[in-house]
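Here's the structure we're looking at; comments come further down.
The values are calculated or read from the model by the stated rules, or taken from the named source; none is laboratory data. Note that the structure is a prediction, hence the values are computed from the model and not measured. Here the Cβ is made from the backbone with ideal geometry for all residues, glycine too, and neighbour counts use every protein chain on show.
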Amino acid sequence: MSLPTTTKAHVLRNKPTGNIVLDGPNATFKLEEKDVPELKDGQLLLELLYLSNDPAQRGWMDANQDPERLYVPPINSGDVMRAGGIYKVLASKNDSIPSGKIVRGYGGWAQYQVGDAQRNALHICEDIPGISVTQYLGALGGTGLTAYTGLINVGEATKDDVIVVSGAAGATGSMVVQIAKHIIGCKKIIGLAGSDEKCRWVESLGADLCINYKKDWKTELKKATTKPLANVYFDNVGGETLDFMLTRLGMHGRVVACGAISDYNSEEKYAIKNWFDVVTMRLNIKGFIVIDFTKDFGRIVGELVKAVKEWKIKAGEDNETVVDTKFEDIPKTWTKLFEGGNRGKLVTKLV
Ligand SMILES: NC(=O)c1ccc[n+]([C@@H]2O[C@H](COP(=O)([O-])OP(=O)(O)OC[C@H]3O[C@@H](n4cnc5c(N)ncnc54)[C@H](OP(=O)(O)O)[C@@H]3O)[C@@H](O)[C@H]2O)c1
């Protein structure tokens, strides 16, 4: 088989400050044809099969983001858009990952790319009977690890805690609900999500209650967090929801600051009004990035696989939204994240 020497790639054209523009002269991305370099020792030629869609990618390319305060190098104009993915190894000059294997790791929005096992954090996707390979991007990948480390290592959640989680029907949030219920056994779990249908699904995963934040959510949330107040707030969205939750946490309550998707596309960020509650209630707000716990990943994935095999955590079609996508439409599928277009992990399947 002759190997590809060129590839299509989505390149960042304009670093955005607000909404992503998909078409027209101000489009955020542009499609380019690029050369695929020859393999050097240790390298692999990868064909993109699936993409992980992550809200964090928006932060990596934001025009107003100070690169000094980012945890990865920024994506600059002219760079191929960076993303997690699953790839087929078409050729290998690396003894530990032979040609033909399916691997996961970090690459770009390019059909073909040259990878380096270490630089691209490539790992072979071991076959787990009954579990789709896409779960390595979701429940058994960065998503599951974020939910687990956020709730357990950062939030120090216990069975005596009342937990509130926003973005509860999303990738991370839906894992937080399941870990809280089926691994920790938390006293009460309250989710927030963007539709009644999503809320019923979150409850089916183990939440005692899920509130539609597009309705009269503050009244509902106040009712649900009165006697007892909440102990842990797992924050995926930031903004007004975080602000209100500061008033619903009890003494020494903990905020797990995981993300702030409600603000990622805003030109003007939401300003917190209830900050004095942090003082009066001695709240503890802890930010984290999942890679802070890299040394624990092997053990945690082992625990998550065990939980899936024991039917405590769902890792099937039900907890992911896999979107068949032509290469040209990769940006369009990614923006579904910001429109509530996914339930569970949003995965792009290249067709
Ligand atoms: N700290 C870390 O290491 C780390 C790692 C991974 C992810 N994160 C963060 O965790 C959060 C969740 O990420 P994810 O990968 O699991 O993605 P995700 O939750 O699947 O993100 C998409 C969902 O976010 C919700 N959403 C979109 N716009 C919103 C808005 N304006 N207000 C409220 N909700 C909105 C939508 O659900 P609805 O229909 O319910 O609105 C959408 O389906 C993000 O903030 C992300 O940056 C942090």
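Of the strands (runs of 3 or more DSSP E) lying entirely inside region 283-351, those containing at least 3 residues that are modelled with pLDDT of 95 or more, surrounded by fewer than 17 Cβ atoms within 10 Å (Cβ to Cβ) and not basic (Lys, Arg) are 284-287.
Considering only residues in region 251-288 that are in contact (Cβ under 8 Å) with a residue 60 or more places away in the chain and out of contact with any Lys or Arg (no Cβ under 9 Å at 6 or more places or on another chain), the one that is nearest to ASN64 (Cα to Cα) turns out to be GLU267. Could you please tell me which pairs satisfy a Cβ distance under 9 Å, a separation of 6+ or placement on different chains, a first residue in region 131-156 that is of a type in the set (D, E, K, R), and a second residue that is modelled with pLDDT of 95 or more and crowded, with 24+ Cβ neighbours inside 10 Å? Hits for this filter: GLU156/VAL232.
Return yes when GLU47 is more than 26 Å from SER262 (Cβ to Cβ), surrounded by fewer than 11 Cβ atoms within 10 Å (Cβ to Cβ) and not small (Gly, Ala, Ser) and no when it is not. The answer is no for GLU47.
When only residues in region 138-162 that are small (Gly, Ala, Ser) and in a loop (DSSP other than H, G, I, E, B) count, which is surrounded by the most Cβ atoms within 10 Å (Cβ to Cβ)? Spell out how you get there, then give the answer.
Filtering region 138-162 for residues small (Gly, Ala, Ser) gives 138-139, 141-142, 144, 147, 150, 155, 157.
If we keep only those that are in a loop (DSSP other than H, G, I, E, B) as well, we get 138-139, 141, 155, 157.
Numbers: GLY138: 25, ALA139: 29, GLY141: 23, GLY155: 26, ALA157: 26.
The residue in question is ALA139.
Restricting attention to region 141-170, the residues that are in contact with a helix residue (DSSP H, G or I) (Cβ under 9 Å, 6 or more places away or on another chain) and more than 21 Å from LEU209 (Cβ to Cβ) total 11. Apart from one condition, LYS269 fits all of (1) under 20 Å from GLY150 (Cα atoms); (2) within 13 Å of the ligand (Cβ to nearest atom); the exception is (1).
Tell me, which strands (runs of 3 or more DSSP E) lie completely within region 10-118 with 1 or more residues that are within 16 Å of the ligand (Cβ to nearest atom) and either of a type outside the set (Val, Ile, Thr) or over 22 Å from the mean Cα position of the chain (by Cα) (or both)? Spell out the reasoning first.
Details: elements: 29-35, 43-52, 82-92, 102-108, 112-116.
In region 10-118, 43-52, 82-92, 102-108 are the strands (runs of 3 or more DSSP E) which contain 1 or more residues that are within 16 Å of the ligand (Cβ to nearest atom) and either of a type outside the set (Val, Ile, Thr) or over 22 Å from the mean Cα position of the chain (by Cα) (or both).
Across region 163-211, the number of residues qualifying as touching a residue at least 12 places away in the same chain (Cβ under 8 Å), among the hydroxyl-bearing types (Ser, Thr, Tyr) and surrounded by fewer than 24 Cβ atoms within 10 Å (Cβ to Cβ) comes to 1.
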